[in-house]
1. Under Stokes-Einstein, with the Kirkwood radius over Cα pairs standing in for Rh, what whole-number D in µm²/s applies to the chain at 20 °C and 1.002 mPa s?
2. Step by step: find N for the stretch 80-149, compute 2.2 N^0.38 Å, then divide the Cα radius of gyration by it. What's the final number?
3. How big is the stretch 168-229 on each of its three principal axes, counting only the C-alpha atoms and giving the largest first in Å?
4. Pick from K117, K14, K214 the residue whose mean-square fluctuation is largest in a GNM of the chain, springs joining Cα atoms under 10 Å.
5. Of the peptides 179-188, 228-237, how do they stack up when ordered by the mean number of other Cβ atoms within 10 Å, highest first?
6. When the chain is fully extended, how far beyond the present Cα-Cα distance does A124 get from A112, taking 0.36 nm per residue of separation?
7. Given the C-alpha atoms of the stretch 164-203, compute the convex hull and give its volume per residue in Å³.
8. Report P(r) for the stretch 89-234: all Cα-Cα distances, bin width 10 Å, range 0 to the bin holding the largest distance, values in whole percent.
Amino acid sequence: MEHTPRRVLVANWKMHKTCVDAIDFLEVFIPQLPSLPADVEIVIAAPFTALAAMRGRLGVNHRIKLGAQNVHPQPSGAYTGEISIPMLQELGVTHVIVGHSERRLYAHETDADINAKTRALLAADLTPIIAVGESSDERDALHTIERVVSQTRGALHGLIREAVERTILAYEPIWAIGTGRNCAVADAHAAMTAIRGSVDGLADVPILYGGSMKPENVREYLASQAINGGLVGGAALAPESFAEMIRHAA
Ligand code: 13P
């Protein structure tokens, strides 16, 4: 089935960049925007601590959308160390990554946690960027499709179709993250087609690829009908490299 060719490139800075680093990035990146294709949506998922400074630099309604890398599903409460949706909204955050494999691994996040965060974000009119992906062992055991379908269904469990339509999905094979070991485009295509078909309402939702995506390979991925953009780690830390990827994404 044909779906909207919406292009989205998301920088996931992970635990990189202080406020000063983030502003330094923007000072080099912003002047390049006029030369970048206008139909590519640009999101930077920065550390919580850099968001206020970035919002100050970007102001409201900037082409660059601000993203967070995690959120707590409750609006407030006795949750030491956590950050709520109202706190992010105050900083102009519009997108939040949920279910990144590093959070599933190190913070033991479950599909139920990811579902709660996704529901809370959608209720607040924020866009969840839901990451799914199989481990190296799961891939070797030929469980990739089963794994990503079950993660997608878990994250979107109980949501009505109109809510599902407001999400963004990201397929990130864990073994390809930060390793330089790329997923073959045909394999990514197969996993992403399975993700799209797994839940009612995903037909037109952007599905991004993530895992060692860089300027040299972004075009190859985006040539696939199933791949609508990227969730980029290492190659989005330098403004020149992220801009180059957006240029190739047109
Ligand atoms: P790399 O682009 O560094 O492989 O990271 C991908 C990722 O995890 C983005 O969320």
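1. Values: Rh = 18.0 Å.
Taking Rh from Cα pairs, D becomes 119 µm²/s.
2. Working: Rg = 14.1 Å, N = 70, 2.2 N^0.38 = 11.1 Å.
Cα Rg divided by the expected 2.2 N^0.38 Å: 1.28.
3. Here the spans come out as 33, 21, 18 Å, largest first.
4. K14
5. So the order, starting with the most tightly packed, is 228-237, 179-188.
6. Values: separation 12, 0.36 × 12 = 4.32 nm, distance 1.85 nm.
Difference between extended and current length: 2.5 nm.
7. On the way: hull volume 2.8 nm³, N = 40.
About 71 Å³ per residue, rounded to a whole number.
8. In order of increasing distance, the bins hold 12, 45, 35, 8, 0 percent.
The values are calculated or read from the model by the stated rules, or taken from the named source; none is laboratory data. It should be emphasised that the depicted structure is a prediction, and the values quoted were computed from it without experimental measurement. Positions of Cβ are generated from backbone atoms using ideal geometry, with glycine treated the same way; all protein chains shown enter the neighbour counts. Quick note on the areas: whole protein, heavy atoms, side chains included, nothing else; ligands and nucleic acids left out. Shrake-Rupley method; radii C 1.70, N 1.55, O 1.52, S 1.80 Å.
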